[in-house]
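All remarks here apply to the structure that follows.
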């Protein structure tokens, strides 16, 4: 009988301090998240120095709680997985230093995990039938990628944003129409009250790669619309703006994802990242996949935003493949997907 494998995972790439215990790569024994959203709301976005200090304050607590909820001791853990990039360098360093200290003190293997590969791996938690290969649309505050997942540890980027990430555009438009931070959930909620066809915002086409994205022009179009309304003293309907903007983003994301999935001969499409919790995006992808006969996968909203469970899942598969990092592991804020720093 094979022995169960338990991974203690740590995530601190931005403003969530998180720890989790994962069993055999698919079962979440615990998933503890301390969110700093309320703190950073005061500043309209994440302040890196404040995030780093708060990670230092909370990281031991979330790890202790994750072990307690999983009813496991450090001695029963097989490996320590930690996000080492990409992300805010100060925030990443807190998690990496903690993971290295635990690995050294317990003589356990250390496995560094790519944050975006963690987001992709979140799909494995609840979709027990999902295995590579498949196409994955990764949409978050800092990334918009179309990734061909060839194996648990093999990734090929087929499309990416040339400028703003989708989540970044959501935050900027939310700020412009007075919704505040975080923008994504607030735009999603307000859009339900508006008419998505009220305003015709542009869908950018990118020369050189038909699967690439560009959202800076769309963001500028929203700002120009607001400025014109102000100059002409026209009352704006923020719900219509939110709905029309969101529709433009989702239209492009869905079209590109379906096109890439079909043209590259894939039969499965998954979505990952913070924006993957957007209800309209999920519905749009689901409808398009049903129409095209593509199997559609997505994580629950809890596993879309930053969390340690996804890092534990990705860490498990890396551990099984023999990935080990030394105590010289460092934070790599601009780590590329598929890149390995050993």
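The values are calculated or read from the model by the stated rules, or taken from the named source; none is laboratory data. Everything numeric in this text was worked out from a predicted model, so none of it was measured. FYI the Cβ positions are ideal-geometry reconstructions off the backbone, even for glycines, and counts take in every protein chain you see.
The residues of segment 121-142 that are under 17 Å from the mean Cα position of the chain (by Cα) and either within 14 Å of residue 336 (Cα to Cα) or free of Cβ contacts under 8 Å to residues at least 60 places away in the same chain (or both), listed by number, are 138, 142.
Please verify whether residue 60 is surrounded by fewer than 22 Cβ atoms within 10 Å (Cβ to Cβ), out of contact with any strand residue (DSSP E or B) (no Cβ under 9 Å at 6 or more places or on another chain) and within 23 Å of residue 323 (Cβ to Cβ), treating the condition exactly as stated. Answer is no for this residue.
Among all residues of segment 245-260, there is none that is assigned to a loop (DSSP other than H, G, I, E, B) and crowded, with 20+ Cβ neighbours inside 10 Å.
The helices (runs of 4 or more DSSP H) found wholly in segment 143-236 and carrying at least 1 residues that are under 21 Å from residue 275 (Cβ atoms) and in contact (Cβ under 8 Å) with a residue 60 or more places away in the chain occupy 166-176, 183-191.
For segment 150-165, the condition of being in contact with a helix residue (DSSP H, G or I) (Cβ under 8 Å, 6 or more places away or on another chain) and buried (at least 24 other Cβ atoms within 10 Å of the Cβ) holds for none of the residues. Being over 23 Å from residue 163 (Cα atoms) and buried (at least 16 other Cβ atoms within 10 Å of the Cβ) narrows it down to one residue among 231, 266; which is it? Just a single option satisfies the conditions, and that option is 266.
If you go through segment 258-279 one residue at a time, do you hit one that is without any contact (Cβ under 8 Å) to a residue 24 or more places away in the chain and in contact with a helix residue (DSSP H, G or I) (Cβ under 9 Å, 6 or more places away or on another chain)? No, segment 258-279 contains no residue that is without any contact (Cβ under 8 Å) to a residue 24 or more places away in the chain and in contact with a helix residue (DSSP H, G or I) (Cβ under 9 Å, 6 or more places away or on another chain).
Taking strands (runs of 3 or more DSSP E) as the structural unit, those lying wholly within segment 1-85 and holding at least 3 residues that are closer than 26 Å to residue 186 by Cα and in contact (Cβ under 8 Å) with a residue 12 or more places away in the chain correspond to 16-23, 27-35. Filtering 75, 117 for residues that are within 19 Å of residue 270 (Cβ to Cβ) and either more than 21 Å from the chain's Cα centre (by Cα) or not assigned by TED's automatic domain parsing to the domain that holds residue 275 (or both) leaves a single hit, 117. Out of segment 290-310, which residues are within 21 Å of residue 12 (Cβ to Cβ) and outside any loop (DSSP other than H, G, I, E, B)? Hits for segment 290-310 are 301, 302, 303, 304, 308, 309, 310. Can you find a residue in segment 298-321 that is in contact with a helix residue (DSSP H, G or I) (Cβ under 8 Å, 6 or more places away or on another chain) and farther than 24 Å from residue 32 by Cα? The answer is no, given that none of the residues of segment 298-321 is in contact with a helix residue (DSSP H, G or I) (Cβ under 8 Å, 6 or more places away or on another chain) and farther than 24 Å from residue 32 by Cα. Of note, residue 288 satisfies the criterion of being buried (at least 16 other Cβ atoms within 10 Å of the Cβ) and out of contact with any strand residue (DSSP E or B) (no Cβ under 8 Å at 6 or more places or on another chain). In the set (1) surrounded by fewer than 24 Cβ atoms within 10 Å (Cβ to Cβ); (2) over 19 Å from residue 309 (Cβ atoms); (3) modelled with pLDDT of 95 or more, residue 137 fails one condition alone, (1). When 332, 313 are checked against the criterion of being closer than 30 Å to residue 97 by Cβ and either part of a loop (DSSP other than H, G, I, E, B) or modelled with pLDDT under 95 (or both), 332 stands alone in meeting it. Note on segment 166-176: residues that are buried (at least 22 other Cβ atoms within 10 Å of the Cβ) and in contact with a helix residue (DSSP H, G or I) (Cβ under 6 Å, 6 or more places away or on another chain) amount to 7.
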